[in-house]
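What follows is a set of notes on a single structure, which appears directly below.
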Amino acid sequence: MFLKVCIVLDGSCPCTYYSAIEVAKGDKVTVSTRYGITTGIVSSILEEVQRDPFKEGSAKQRVLENSTQKIFDKENVIMFGAKTVEVKHISSNRKGIFYTDLELQVGQLVVYDGNLPGGKMYENSTEQVDETEVQSLHVGIVTNVDPDTVTAKCWVVDVVDMSAHKERIQRAKKATKLRAKL
């Protein structure tokens, strides 16, 4: 049995998802989207569905985890030395959940992998790509270093070091001032 539910994603409008796990109105859940994994709040339960909407192709995205019901032990689930962080894309409101083994702080600028496992850009893509090929890297800002979720698909690649760029800008400003004096 599946539940058809309406979920308000962080920074987005309500979307319809299917859930094989128990959820209730007001629960904070982790869901898959075409851009990766993110979180949202269940705004309503629309109906119970007796068929499998994924097998028949009428559903593509699903509820992956119910963070409100705490049916998992976060410390025991992440056993490979990684934790999850929430990152907001730098030029949109899109947020995602990513694995990391870096010590990050809220507000840090990071590069994250936009490729989904298996070399697919989007979860439902039929295009196969070599897993070592980088297709999509994105820049974002860390918004939560300890989200209530253990589910992610992609990784934070590294922290963006802006110091060399800031030095370049200062040198350009000094050169402009010097040129104006001459």
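The values are calculated or read from the model by the stated rules, or taken from the named source; none is laboratory data. What you see is a predicted model; the values in this text were computed from it and never measured. FYI the Cβ positions are ideal-geometry reconstructions off the backbone, even for glycines, and counts take in every protein chain you see.
For region 27-45, the condition holds for at least one residue, the condition being that it is in a loop (DSSP other than H, G, I, E, B), under 26 Å from D146 (Cβ atoms), modelled with pLDDT under 85 and not basic (K, R). Report yes if some residue within region 148-160 is surrounded by fewer than 16 Cβ atoms within 10 Å (Cβ to Cβ) and among the aliphatic types (A, V, I, L, M); otherwise report no. Yes, region 148-160 contains at least one residue that is surrounded by fewer than 16 Cβ atoms within 10 Å (Cβ to Cβ) and among the aliphatic types (A, V, I, L, M). For first residues located in region 89-102 and under 14 Å from L137 (Cα atoms), partners that are modelled with pLDDT of 90 or more and among the small types (G, A, S) and lie 6+ apart or on another chain with Cβ distances below 7 Å form the pairs H89/G140; I90/G140. Sub-6 Å Cβ pairs linking a first residue in region 144-171 that is in contact (Cβ under 8 Å) with a residue 60 or more places away in the chain and within 21 Å of K88 (Cβ to Cβ) to a second residue that is polar (S, T, N, Q) and assigned to a loop (DSSP other than H, G, I, E, B), at least 6 apart or interchain, are D148/S67; T149/S67, ordered by first then second residue. Taken together, G57, G40 contain a single residue that is under 20 Å from K88 (Cβ atoms) and small (G, A, S), which is G40.
Can you confirm whether region 27-42 contains a residue that is acidic (D, E), surrounded by 15 or more Cβ atoms within 10 Å (Cβ to Cβ) and out of contact with any Pro (no Cβ under 6 Å at 6 or more places or on another chain)? Yes, region 27-42 contains a residue that is acidic (D, E), surrounded by 15 or more Cβ atoms within 10 Å (Cβ to Cβ) and out of contact with any Pro (no Cβ under 6 Å at 6 or more places or on another chain).
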